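Shown next, in structure tokens, is the structure this report addresses.
The values are calculated or read from the model by the stated rules, or taken from the named source; none is laboratory data. Computed from a predicted structure; not experimentally measured. No Cβ is skipped: glycine too gets one built from the backbone with ideal geometry, and neighbour counts run over all protein chains shown.
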There are 2 protein chains.
Amino acid sequence: MNPIRIEDPQDERVAAYVDIRERDLVGRQGRFVAEGKVVLEALAATGRFGIESVLVLENRLAGLQPILERLPPHVPVYVAGRDVLDRIAGFHMHRGILAIGKRGELPAAADLLGTLSANALVAVLVGISNHDNVGSIFRNAAAFGAGAVLLDRTSCDPLYRKAIRVSVGAVFKVPFAIFDDAAALADTLDAGGFTQLALSPRGELDIRDAVCEGPLALYLGTEGEGLPEAILSRIRTARIAMEPGFDSLNVAAASAIALHRFARIAPEKPRLP
Amino acid sequence: MNPIRIEDPQDERVAAYVDIRERDLVGRQGRFVAEGKVVLEALAATGRFGIESVLVLENRLAGLQPILERLPPHVPVYVAGRDVLDRIAGFHMHRGILAIGKRGELPAAADLLGTLSANALVAVLVGISNHDNVGSIFRNAAAFGAGAVLLDRTSCDPLYRKAIRVSVGAVFKVPFAIFDDAAALADTLDAGGFTQLALSPRGELDIRDAVCEGPLALYLGTEGEGLPEAILSRIRTARIAMEPGFDSLNVAAASAIALHRFARIAPEKPRLP
């Protein structure tokens with residue numbers, strides 16, 4: 001690894017990093033921005049997305065050495081001083097670690113489902129338009145061994161900068177796909193032998209009593225309106241019992257409870273006394 | 001209710017609302033700021049904190065009528081146009097609903113514990129310094145029927161504006177107290193017959209196997225360092241099993257899982273078919 005020093009904020013080689021916040025809003029033509037050490041580590045470790053380049057603050061370089069050495073050798077590592085970095089990014093980048101990733105082609109939902117294990121847990125997100133919630137749900141999905149996350153077109157982009165950050169890199173670990181038509185997806189899941197369960201405050205089953213063997217698709221909807229009636233009337237529904245008068249749970253919190261309930265994680269090794 | 005029209009952003013009657021964001025940082029001498037309809041509703045409904053005044057955008061007044069009519073008659077309701085309101089607050093207040101609450105005296109932790117039911121669930125927060133996390137934990141505590149939240153001095157203020165907002169008003173519903181000394185608190189909880197359980201990634205019990213009858217105090221620590229060794233070595237510990245290689249859960253997500261596991265909520269009424 002030969003870090004390349006950037007002295008000029010307008011250097012063409014770091015053009016993809018210019019005005020990061022503004023660009024969040026207009027998209028990036030097939031790229032995304034990853035920030036922070038944990039996120040960069042996940043991006044590099046999972047290898048599911050290409051890395052175009054890395055830009056780090058000079059005083060962070062030594063601490064990142066173990067991660068940077070594992071990057072493919074063709075990935076340029078740019079290094080800048082505090083002032084140059086802030087002028088490139090357009091705001092004070094206190095983490096001082098950025099990377100540009102390549103989106104590539106996402107798999108079709110049906111193809112992704114075809115790659116999963118016989119006992120897979122899948123989260124299906126409908127209308128989750130808040131980046132924090134999408135990031136948090138991916139983090140929970142990774143922690144509890146979900147094999148995939150499927151998002152409808154109204155859910156927000158998991159590769160949006162803030163969703164990546166909140167997920168602590170889980171969006172690079174848990175494969176995801178976008179689907180157009182919930183009814184067609186439900187058919188595909190049916191055909192694949194998936195049990196389908198929709199979380200809803202008015203669900204028929206208490207989630208503590210829900211039993212599931214084999215592959216499971218867990219549907220999560222928006223906090224305000226919940227899942228569309230077309231989904232709720234087609235598949236089984238489960239509720240998280242709450243205090244009467246305060247039956248309000250953030251969708252990320254609901255995902256933590258439900259994904260933990262159906263976690264698919266490797267058995268733990270025996271513990272030494 | 002006779003709304004009082006404010007035309008001058010420097011009107012002394014709305015001095016407590018001036019430069020809201022700046023004042024978040026320096027404190028407010030016994031007051032707090034509540035914002036948004038759901039939060040104002042919780043503040044008014046629970047009655048645990050006094051309300052000094054309310055300031056609303058003129059076009060929100062009609063929609064708030066049912067809430068405002070339930071306020072004590074001495075609470076002034078100020079009304080302002082968009083421009084005046086934004087100039088008072090110092091930024092664009094798109095919700096247009098603000099109230100100044102009075103902190104009053106918090107109970108001592110031991111006194112608060114003395115008021116709880118024989119089967120109470122209590123969350124004990126140690127070092128939770130992120131306002132989103134504190135707000136989210138209160139929201140989960142309210143949803144799952146916790147009787148109290150106890151916070152150490154390094155945890156952040158539940159009456160900070162953002163914590164209130166994230167809690168969707170749960171900080172007004174679930175009584176809380178601040179404690180100085182974790183060892184003394186553990187003694188008090190012991191004496192009160194509480195089972196004490198600390199959440200830790202290296203906990204001895206899988207939380208799914210933990211059984212608890214009677215009152216329970218559930219300790220939650222920071223994400224990075226976790227709970228102090230002095231606590232972990234004194235009380236039982238429980239873990240939330242996670243995927244090897246991604247054993248990273250946000251503390252608010254962990255609180256959702258643990259509080260749901262031990263939820264103390266009124267039995268549900270039989271459901272009509």
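Kindly provide the set of residues from the stretch B:1-31 that are hydrophobic (A, V, I, L, M, F, W, C), over 14 Å from B:GLY96 (Cβ atoms) and modelled with pLDDT under 95, ordered by number. I'd like the intermediate steps shown before the answer.
So in the stretch B:1-31, the residues hydrophobic (A, V, I, L, M, F, W, C) come out as B:1, B:4, B:6, B:14-16, B:18, B:20, B:25-26.
In the following step, the residues that additionally are over 14 Å from B:GLY96 (Cβ atoms) were identified as B:1, B:4, B:15-16, B:18, B:25-26.
Answer for the stretch B:1-31, where residues must be hydrophobic (A, V, I, L, M, F, W, C), over 14 Å from B:GLY96 (Cβ atoms) and modelled with pLDDT under 95: B:MET1, B:ALA15, B:ALA16, B:VAL18, B:LEU25, B:VAL26.
Considering (1) at pLDDT below 95; (2) within 14 Å of chain A (Cβ to nearest Cβ); (3) over 25 Å from A:ARG239 (Cβ atoms), say which one B:SER117 fails and leave the rest.
(3)
Which ones in the stretch B:180-214 are among the charged types (D, E, K, R) and away from chain A (no Cβ under 13 Å)? Show your work before the answer.
The initial filter retains those residues of the stretch B:180-214 that are among the charged types (D, E, K, R), namely B:180-181, B:187, B:190, B:202, B:204, B:206, B:208-209, B:213.
Answer for the stretch B:180-214, where residues must be among the charged types (D, E, K, R) and away from chain A (no Cβ under 13 Å): B:ASP180, B:ASP181, B:ASP187, B:ASP190, B:GLU213.
Residue by residue through the stretch B:1-53, note down the ones that are free of Cβ contacts under 8 Å to residues at least 40 places away in the same chain and among the polar types (S, T, N, Q).
Passing the criteria: B:GLN10, B:GLN29.
Out of curiosity, is B:VAL168 on the phi > 0 side of the Ramachandran plot, within 13 Å of chain A (Cβ to nearest Cβ), in contact (Cβ under 8 Å) with a residue 24 or more places away in the chain and surrounded by 14 or more Cβ atoms within 10 Å (Cβ to Cβ)? Before you say what the answer is, go through the steps one by one.
Working: on the phi > 0 side of the Ramachandran plot: yes; within 13 Å of chain A (Cβ to nearest Cβ): yes; in contact (Cβ under 8 Å) with a residue 24 or more places away in the chain: yes; surrounded by 14 or more Cβ atoms within 10 Å (Cβ to Cβ): yes.
Spelling it out, B:VAL168 is indeed on the phi > 0 side of the Ramachandran plot, within 13 Å of chain A (Cβ to nearest Cβ), in contact (Cβ under 8 Å) with a residue 24 or more places away in the chain and surrounded by 14 or more Cβ atoms within 10 Å (Cβ to Cβ).
Hey, which of the helices (runs of 4 or more DSSP H) in the stretch B:1-114, taking only ones fully inside, have at least 2 residues that are exposed (fewer than 12 other Cβ atoms within 10 Å of the Cβ) and either outside the structural domain of B:PHE194 (by TED's automatic domain parsing) or touching a Ser or Thr at 6+ places or on another chain (Cβ under 6 Å) (or both)? Step through it out loud before you land on a result.
Working: elements: B:20-26, B:37-46, B:61-68, B:82-89, B:109-114.
Correct list: B:20-26, B:61-68.
Taking A:ARG234, is it more than 13 Å from chain B (Cβ to nearest Cβ), surrounded by fewer than 21 Cβ atoms within 10 Å (Cβ to Cβ), basic (Lys, Arg) and outside any strand (DSSP E or B)? Give the steps one after another, and end with the answer.
Working: more than 13 Å from chain B (Cβ to nearest Cβ): yes; surrounded by fewer than 21 Cβ atoms within 10 Å (Cβ to Cβ): yes; basic (Lys, Arg): yes; outside any strand (DSSP E or B): yes.
Here the answer is yes, as A:ARG234 does meet what is asked.
Scan A:ALA141, A:ALA177 and give me the residue that is closer than 16 Å to A:ARG103 by Cα and either assigned to a strand (DSSP E or B) or within 14 Å of chain B (Cβ to nearest Cβ) (or both).
Working: A:ALA141 fails: closer than 16 Å to A:ARG103 by Cα.
The match here is A:ALA177.
Mind listing whichever residues of the stretch B:1-55 are among the aromatic types (Phe, Trp, Tyr) and over 17 Å from B:VAL171 (Cα atoms)?
We begin by selecting, within the stretch B:1-55, every residue among the aromatic types (Phe, Trp, Tyr); these are B:17, B:32, B:49.
B:TYR17, the sole residue that qualifies.
Could you look through the stretch A:248-261, keep only residues that are facing chain B (nearest Cβ under 7 Å) and not hydrophobic (A, V, I, L, M, F, W, C), and pick out the one that is farthest from A:VAL166 (Cα to Cα)?
My answer is A:SER248.
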